[in-house]
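**Student:** Got a structure for you, questions after.
The values are calculated or read from the model by the stated rules, or taken from the named source; none is laboratory data. Here the structure is a predicted model, which means the values were calculated and not measured. Cβ atoms come from the backbone with ideal geometry, glycine included; neighbour counts cover every protein chain shown. Please note that ligands, DNA and RNA were not included when accessible areas were found on the heavy atoms of the full protein model with its side chains. Shrake-Rupley method; radii C 1.70, N 1.55, O 1.52, S 1.80 Å.
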Amino acid sequence: MDDGPSGWIAFAAVVLGIGGVMRIFDAIWAFRYHGALPSNLEDAIFGHSLKTYGWVYLAVAAVLLVCSYLLYQGSQFARWIGVAAGALLAISATWWLPYYPVWSLIYIGIGMLVVYALIAHGSRHDVEA
């Protein structure tokens, strides 16, 4: 059965898909939240509007979900897009690091594992033992 990704590549594809879905939930929250905001949000990278963050997270989600799908298709081009998406997943988590440190560090760790998986184990020349 050699119809799809296996091992680390499957891991990366699943994690990118889950990360994309999580970012959709982040975007929905940002669009719908009307409560009190952290007092130092004005110093954040995209300013004080949560709607701006909602659009950014929606764009990040789209990239992550497309990369997940393309990895399941098995193209090497998708692998490198996945490396960029994994890095994007980790980098975009740093925006909320001052406000939600634990969740941000989890996102960063997941992004780094995806990058590792795709660089170290994604070569088309890998030989299975």
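**Student:** Restricting region 55-69 to residues that are open to solvent by less than 50 Å² (accessible area, probe 1.4 Å) and under 10 Å from LEU16 (Cβ atoms), which is nearest to the chain's Cα centre (by Cα)?
**Tutor:** So the residue we want is LEU64.
**Student:** Among the numbered criteria (1) modelled with pLDDT of 90 or more; (2) touching a Gly at 6+ places or on another chain (Cβ under 7 Å), which single criterion is violated by VAL83?
**Tutor:** The number of the failed condition is (2).
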